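Inspection log for the structure reproduced underneath, given as structure tokens.
Bear in mind that the values in this text are calculations on the coordinates, not laboratory data. Since the model is a prediction, treat every value here as computed from it, not as a measurement. Note: ideal-geometry Cβ built from the backbone for every residue, glycine included; neighbour counts use all protein chains shown.
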Amino acid sequence: MPDIPANLAHVRERVARAAERAGRRPADVLLIGVSKTVDVARIRAAVAAGITALGENRVQEAKAKIAELGRPVSWHLIGHLQTNKVKDALELFDVIHSLDRLELAREVERRAAARGQVVETLLQVNVAAEPSKGGVGPDAVGEALDVIGKLAHVRVRGLMTIPPEGERAEDARPWFRRLRELAERHGLRELSMGMSGDFEAAIEEGATMVRVGTAIFGPRA
């Protein structure tokens, strides 16, 4: 098994340095350990080492892990959410990062109203308008926020993006900057952006949440 405590300490050090370079406090950046496909033993090691948030891509995989591990940390849904999985997602996750379409927002509202729950979400933005990725386009963010803002049980805390793949971390920087500018324009504070290969650039551009898997848990099976 990888040396997860050492990996986590190293990632935290990198987070802190990136925050300091940007004149920010390291405490203002939430490190989310992306545990998709990661076995429970490695997740337990990360929790024991002090990780405070975990991110999963699939509802069913998360359901099995949460049943075994409980809720010692906050759980974040960072992958695509099908409307027929919303009921389970609301029971499992503290934050949904992937609110990527109005149809989904309306279904979350319907299910959350039945539970008497206000759901914490992030609006997923397809910053480069890539056909293969979900999310609203940059020009549609305002309209989407207006519609979702009328829903009583869905709270949008900020924006999330997955930028186009690049050869270097710096390739993602313009996309991170664009997401930050969108958030500022619409008065949103939270920015979920940056993964193992580029989270330092994301933090320098304003990320408040970074989603880091491989750098903590080691290579995926």
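A few comments on the model shown:
- Theoretical FRET efficiency, 1/(1+(r/R0)^6), r = Cβ-Cβ of Ala152 and Asp94, R0 22 Å, to 0.05: 0.70
- Efficiency of FRET from Cβ geometry, Glu181 and Ala27, R₀ 22 Å, rounded to 0.05: 0.40
- Entry for mean projected area of the Cα convex hull in nm² (calculated from the structure that is shown) out of (1) 11.0; (2) 11.7; (3) 14.7: (2)
- Karplus-derived 3J(HN,Hα), 6.51/-1.76/1.60, for each residue of segment 156-171, Hz, glycine and proline x: 8, 8, x, 10, 10, 8, 10, x, x, 5, x, 6, 10, 4, 4, 5
- For segment 65-88 versus segment 105-170, the gap between their alpha-carbon centres in whole angstrom: 17 Å
- Of all aspartates and glutamates in the structure, the ones whose alpha carbon falls short of 17 Å from that of Lys87, not counting any fewer than 8 places away in one chain, are Glu56, Glu61, Asp100, Glu103, Glu107, Glu109, Glu120.
- Each of Asp139 and Asp39 was given a label point 7 Å from its Cα along the Cα-to-Cβ line. The distance between the two points is 5.0 nm.
- Ordering Thr208, Thr37, Thr121 from the fewest to the most neighbouring beta carbons within 10 Å gives Thr37, Thr208, Thr121.
- With θ taken as phi - 60° and the Karplus curve 6.51 cos²θ - 1.76 cosθ + 1.60 applied, the whole-hertz 3J(HN,Hα) list for segment 92-108 is 9, 9, 7, 9, 10, 7, 10, 6, 10, 6, 5, 4, 5, 4, 5, 6, 4 Hz, x standing for glycine and proline.
- Long-range amide H partners of Val95 with built H, under 5 Å: Trp75, Leu77
- In plain terms, the chain from Thr214 to Glu130 could stretch by 27.8 nm, reckoned as 0.36 nm per residue minus the Cα-Cα distance.
- Estimated D of segment 72-162 in µm² per second, where Rh is the Kirkwood radius over Cα pairs and Stokes-Einstein applies at 10 °C, 1.306 mPa s: 122 µm²/s
- Rounded to whole numbers, the Karplus 3J(HN,Hα) couplings from phi for segment 182-189 are 5, 4, 5, 4, 9, x, 9, 9 Hz, using 6.51 cos²θ - 1.76 cosθ + 1.60 with θ = phi - 60°, and x at Gly and Pro.
- Among the listed pairs Lys65/Lys85; Lys36/Lys150; Lys65/Lys133, a Cα-Cα separation exceeding 22 Å is found for Lys36/Lys150; Lys65/Lys133.
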